[in-house]
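Undergrad: Input: one structure, supplied below.
The values are calculated or read from the model by the stated rules, or taken from the named source; none is laboratory data. Please read all numbers here as calculations on a predicted model, not as lab measurements. For neighbour counting, all protein chains shown are included, and Cβ atoms are generated from backbone atoms with ideal geometry for every residue, glycine included.
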Amino acid sequence: MDHTPYLFPSGGQARLSDFVTRARDIPQDKDDGQRLLSEGISRLSEMQEKLYASDRHSVLIIFQAMDAAGKDGTIRHVMSGINPQGCQVTSFKAPSAEELDHTYLWRCMKALPERGRIGIFNRSYYEEVLVVRVHPGILAGQKLPNPPDPGDQGFWNSRFRQINDFERYLSENGMSIIKFFLHVSREEQKQRFLERIEDPSRHWKFSAGDVKERQHWDRYMAAYDDMLRHTSTPWAPWYVIPADKKWYMRALVADILVDRFNALKLEFPTADEAQRLALKEAENQLRKET
C-alpha cells in the first residue's frame, strides 16, 4: 500500500482538511482488506521476535482519535499476533492527584517501553494539547506556577516544542515512534453511537458525555489541525488514517507498522566466539547423557 497520502508532512504547511475519512484505494473491498490485515499480523509477529531478541530498539505506537473512531478495535485486531510478554498497552484517563503533582509528561514517561518491547498508548500526552485546549478549565487544576492564558497561542506552541523535544530525545536513544490519528467523520461517529445505544451488549462502551463532546466537534478539529501541523516531525511523523471503514483502517495501520518495523532492519543477534564455545560444550554434554 502507498502510505504517502496518509503521512502528515512536517513543516506546518498541510491541513487536516486535506485528508479524507473514507479512502478509495487498495484494498478495494473487505475481503482484500482482511487478507492484507492477516499478512500484516503475521509479519508483525515475526518482527516482534527479532525486536525482542536484539534488545536494541523499542517501539512506541500512539493512537489519538475522537470517540468511536476505533482505537480499541484497531489495537485488538492489528496486534492480535503479538506476544503479550513483549508488548504493553496503556490507556490514559483523567490524571490522578499524584499525576497532577508532576509535569504533564511524567505519567507517560513511566509507561514507555523498554528496549526490545512494544508500547502502545491509547491516547497519550497529546491530550494535553487537545482535550485541555477544548476545555481550558482543566489547566486551572494542573498547579502550574504561572497560570497560562488558554487563548495565548504561544502557550500551546511551547507545549508543542516540549513534545517535539521529548520525542526527538526518545528517537535519538533508540525508540521508534509511530503516531496514528484515526480520522472519523462526524456522520460516521453519530452512526456508531446509535449502534452502541441500540445494542445492549455495547452499552458499556457508551457514555452520555460522549454526545456532549460532539458539541465541541469544530473546536476539536481545530485543535487536531494545530497539533498535527506542529508535531508531525521527521523523527516522529503523524499518519492520518481514514477511519470510516474499520476494515480499511485496520489493514492500513498494520501495513504501515510492517513498513516501519522493516526500516529498523532487525536481525537475530549472532553468537560471538565465547558463546559459540559455550554452545558447543553444552551440546557435547547433552549428547553424552544416556
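Undergrad: Of the residues S201, S171, which is small (G, A, S) and surrounded by 12 or more Cβ atoms within 10 Å (Cβ to Cβ)?
TA: Details: S201 fails: surrounded by 12 or more Cβ atoms within 10 Å (Cβ to Cβ).
That would be S171, the only listed residue that is small (G, A, S) and surrounded by 12 or more Cβ atoms within 10 Å (Cβ to Cβ).
Undergrad: In segment 91-103, what residues are in a loop (DSSP other than H, G, I, E, B) and either in contact with a Gly (Cβ under 7 Å, 6 or more places away or on another chain) or among the basic types (K, R) (or both)? Explain how you work it out, then say what you get.
TA: Residues of segment 91-103 that are in a loop (DSSP other than H, G, I, E, B), as a first pass: 92-96, 101-103.
Result: K93, single match.
Undergrad: In this structure, does D226 turn out to be surrounded by fewer than 18 Cβ atoms within 10 Å (Cβ to Cβ) and not hydrophobic (A, V, I, L, M, F, W, C)?
TA: On the way: surrounded by fewer than 18 Cβ atoms within 10 Å (Cβ to Cβ): no; not hydrophobic (A, V, I, L, M, F, W, C): yes.
Answer is no for this residue.
Undergrad: Can you tell me which residue in segment 104-123 is nearest to the chain's Cα centre (by Cα), limited to those that are in a loop (DSSP other than H, G, I, E, B) and surrounded by 16 or more Cβ atoms within 10 Å (Cβ to Cβ)? If you could, list the steps in order and put the result at the bottom.
TA: Of the residues in segment 104-123, the ones in a loop (DSSP other than H, G, I, E, B) are 104-105, 110-117, 123.
Keeping just the survivors that are surrounded by 16 or more Cβ atoms within 10 Å (Cβ to Cβ) gives 104, 111, 113, 116-117, 123.
On the way: Y104: 18, A111: 13, P113: 13, G116: 17, R117: 14, R123: 8 Å.
Checked segment 104-123; the qualifying residue nearest to the chain's Cα centre (by Cα) is R123.
Undergrad: Going through segment 164-187 one residue at a time, which ones are touching an Asp or Glu at 6+ places or on another chain (Cβ under 8 Å) and either at pLDDT below 95 or not in a strand (DSSP E or B) (or both)? Walk me through it before giving the result.
TA: Of the residues in segment 164-187, the ones touching an Asp or Glu at 6+ places or on another chain (Cβ under 8 Å) are 177, 184-185.
Result: V184, S185.
Residue-by-condition table, conditions (1) of a type in the set (D, E); (2) part of a helix (DSSP H, G or I); (3) in contact (Cβ under 8 Å) with a residue 12 or more places away in the chain:
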| position | (1), (2), (3) |
| --- | --- |
| I41 | no, yes, yes |
| S45 | no, yes, yes |
| Q48 | no, yes, yes |
| L51 | no, yes, yes |
| I61 | no, no, yes |
| Q64 | no, no, yes |
| D72 | yes, yes, yes |
| H77 | no, yes, yes |
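Undergrad: Name the residue, out of F193, F181, that is over 19 Å from L105 (Cα atoms), aromatic (F, W, Y) and within 22 Å of the chain's Cα centre (by Cα). Spell out the reasoning first.
TA: Details: F193 fails: within 22 Å of the chain's Cα centre (by Cα).
Unique residue meeting the criteria: F181.
Undergrad: Mind listing whichever residues of segment 206-225 are farther than 27 Å from D18 by Cβ and free of Cβ contacts under 8 Å to residues at least 12 places away in the same chain?
TA: Listed by number, the residues that qualify are S207, A208, G209, K212.
Undergrad: Looking at the structure I just gave you, is D244 closer than 24 Å to V134 by Cβ, modelled with pLDDT of 95 or more, touching an Asp or Glu at 6+ places or on another chain (Cβ under 6 Å) and crowded, with 18+ Cβ neighbours inside 10 Å?
TA: Working: closer than 24 Å to V134 by Cβ: yes; modelled with pLDDT of 95 or more: yes; touching an Asp or Glu at 6+ places or on another chain (Cβ under 6 Å): yes; crowded, with 18+ Cβ neighbours inside 10 Å: yes.
Judged against the criteria, D244 is a match.
Undergrad: OK, next. Restricting to segment 15-39, count the residues that are within 30 Å of D225 (Cβ to Cβ) and either of a type in the set (A, V, I, L, M, F, W, C) or in a loop (DSSP other than H, G, I, E, B) (or both). Talk me through it step by step, then tell me what you get.
TA: Going through segment 15-39, the residues within 30 Å of D225 (Cβ to Cβ) turn out to be 15-28, 33, 36-37.
Right, trim to either of a type in the set (A, V, I, L, M, F, W, C) or in a loop (DSSP other than H, G, I, E, B) (or both) and you get 15-16, 19-28, 36-37.
Residues meeting the conditions: 14.
Undergrad: Here is a further query. On the phi < 0 side of the Ramachandran plot, touching a helix residue (DSSP H, G or I) at 6+ places or on another chain (Cβ under 7 Å) and modelled with pLDDT under 95 - does that describe any residue in segment 119-139?
TA: yes
Undergrad: For segment 144-163, enumerate the residues that are outside any loop (DSSP other than H, G, I, E, B) and under 20 Å from W106 (Cβ atoms).
TA: Residues of segment 144-163 outside any loop (DSSP other than H, G, I, E, B): 153-163.
Once the filter is applied, which keeps residues that are outside any loop (DSSP other than H, G, I, E, B) and under 20 Å from W106 (Cβ atoms), segment 144-163 yields F155, W156, S158, R159, F160, R161, Q162, I163.
Undergrad: Scan (1) in contact (Cβ under 8 Å) with a residue 40 or more places away in the chain; (2) in a loop (DSSP other than H, G, I, E, B) for the single condition I82 breaks and write down its number.
TA: For I82, the failing item is (1).
Undergrad: Identify, from the list D218, D210, the residue that is modelled with pLDDT of 95 or more, in a helix (DSSP H, G or I) and acidic (D, E). Steps first, answer last, please.
TA: Working: D210 fails: modelled with pLDDT of 95 or more.
None of the other options fit; the residue is D218.
Undergrad: Starting from residues that are surrounded by fewer than 13 Cβ atoms within 10 Å (Cβ to Cβ) and of a type in the set (K, R), keep the ones in segment 1-34 and report whichever is farthest from H183 (Cα to Cα).
TA: R24
Undergrad: Of all residues being among the hydroxyl-bearing types (S, T, Y) and assigned to a helix (DSSP H, G or I) in segment 124-143, which is surrounded by the fewest Cβ atoms within 10 Å (Cβ to Cβ)? Just the residue, please.
TA: Step one: list which residues in segment 124-143 are among the hydroxyl-bearing types (S, T, Y), which gives 124-126.
Now drop any that are not assigned to a helix (DSSP H, G or I), which leaves 125-126.
On the way: Y125: 21, Y126: 25.
Among residues in segment 124-143 that are among the hydroxyl-bearing types (S, T, Y) and assigned to a helix (DSSP H, G or I), the one surrounded by the fewest Cβ atoms within 10 Å (Cβ to Cβ) is Y125.
Undergrad: Right, something else. Here are some residues: S58, S96. Which one is touching a helix residue (DSSP H, G or I) at 6+ places or on another chain (Cβ under 9 Å), at pLDDT below 95 and of a type outside the set (D, E)? Spell out how you get there, then give the answer.
TA: Numbers: S58 fails: at pLDDT below 95.
Answer to the check: S96.
Undergrad: With respect to the numbered conditions (1) within 28 Å of L264 (Cα to Cα); (2) among the hydrophobic types (A, V, I, L, M, F, W, C); (3) at pLDDT 95 or above, which one is the sole condition not fulfilled by I26?
TA: Evaluating I26 over (1) within 28 Å of L264 (Cα to Cα); (2) among the hydrophobic types (A, V, I, L, M, F, W, C); (3) at pLDDT 95 or above leaves (3) as the failure.
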